[in-house]
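Each remark here refers to the structure printed beneath this line.
Read the figures in this text as sums done on the coordinates, not as results from a lab. Since the structure is predicted, the reported quantities are computational estimates derived from the model, not experimental observations. Methodologically, a virtual Cβ is constructed for each residue, glycine included, from the backbone with ideal geometry; neighbour enumeration extends over all protein chains shown.
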Amino acid sequence: MQEHVQLDQKEINKDLLDSIFHTPMWWYVAVTFFGVVFLIGASAFGYLLNQGLGVTGLNRPVFWGVYVVNFVFWIGISHAGIMISAILRLTQAEWRRPITRAAEVLTVFALTAALMAAPLVHTGRPWRAFLPTPWILPYDFARGIWPNIRSPFVWDPMAISTYLVASSLFIFIALLPDLAIIRDRSTGLRRVIYSFLCLGWRGTPRQWKLQIVAGILLSALVLPVFVSVHSIVSWDFAVQIGTEGWHSTIFAPYFIIGAIHSGVAAVATLMAVMVWVWKLHKYITPDHFDAIGRLLIVVGLTWFFFFFLEWVFALYTLEDPEIAMRKLQVFQWPWSGMFAVFLITSFIIPVTAWLFRAVRRSLLWMFITTILVNVGMWLERFLIIVPGLMRRTHLVFDWGSYQPSIIELLMVIATFAWLCLGMLVFSKIFPLVPLFDMKEAMINREKIKIGRKEIPASIRE
């Protein structure tokens, strides 16, 4: 049974809106730092556009590098919002209340980081895609002649854009009551802006009913998109007929559960940062870390099961390309070292540590173990993509290796800076913890008397 601290509505408003009305000095320092890092990465991207892909480490046969690794990684992180918010909202898990919005915002910025990571880079000259030249757009659309596009890379933007729109709508609908509270506490231009954003919210019974129904419907409707996004990303690999070692029927569920593993771990990391930075210890307690730690144990064990199956399916067939790829990953340096680090950091250390209640309830240990998970999951994506492309063909000039250049590393770092910068700016404009959710949680904890006994007004745990 969780121990709760009962808070009144005035205290909740004061605590959760403090970051909006009062800006601490560390916020300016952090925004400046991450802004500078992001600008350095943007400058590297500009240099890449000017000089071409020759400044990267991409070569034959590794035409994908850390760009696609980063793309798949951030798509995985974006699954955090749906897992924490939508699924736990439908199951009415009470412990999700303080972290739902932060998880949803993490989803949106992770998706934008994914779009920054790969698509524009691999076009070589992105501006040419927008020029209606016969070399880029050779089809006569006016006469109804349309291309029969079968590439999986066309499926990605459709799924990701749908996911991004649904996630943004999810956040906005949940924000409406909180925006109205900020509006009522603001003056001048700020009041005008928040009055526009809250869409005339007055807190009438009809508005509350529509808001709750919309939240439940969006939670249910976004789940198929949640499954489809990473399934489509996995098909990018599975349908590449010319590349041995990627033709596994387990790729889709394996990528989905891996995305959930890294996404939920990222949410736990964000929870620890929120407690330390924004002083939310009254709202995000050790009980919440304990709950998400137990969830991570289940997710981590499920992911390892699919990881085991992926290896079984690869080796059971006794196909030479599959065996050669596994030997490259496990026995050849430096991939062997990466494989050991990936397995230790993503599963062995974290899951073993989470079995102990003291670790799950410790902010520091949860922060460390969840960081390790995402280090390992990034390496796992790297070990799928790069060794899979480093195959031996009949053409000797195709025998190449891959080392990321400084340009690539700066652009990868820029995506992490973008995420941190986005979360900081969002926390200054909107509350990271939903006010109405916390107030509802306080009401649900109240006691009602039935006969001679007092029981909680709402039992959901």
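Could you check the simple spin-label distance between V36 and I212, using points 7 Å along Cα→Cβ, in nm with one decimal?
5.0 nm
What distance in nm separates the simple spin-label points at V375 and A220, each placed 7 Å from Cα in the Cβ direction?
Here the modelled spin labels are 4.3 nm apart.
Please work out how much length the chain gains when fully extended from I348 to K428, using 0.36 nm per residue of separation minus the C-alpha to C-alpha distance, in nm with one decimal.
In short, 25.0 nm is gained.
Using θ = phi - 60° and the Karplus curve 6.51 cos²θ - 1.76 cosθ + 1.60, what whole-Hz ³J(HN,Hα) does each residue of segment 360-369 get, with Gly and Pro shown as x?
Values per residue, Gly and Pro as x: 5, 8, 9, 4, 5, 5, 5, 4, 5, 5 Hz.
Give, in nm to one decimal, the length gained when the segment between F416 and W333 is fully stretched (0.36 nm per residue of separation minus the Cα-Cα distance).
27.1 nm
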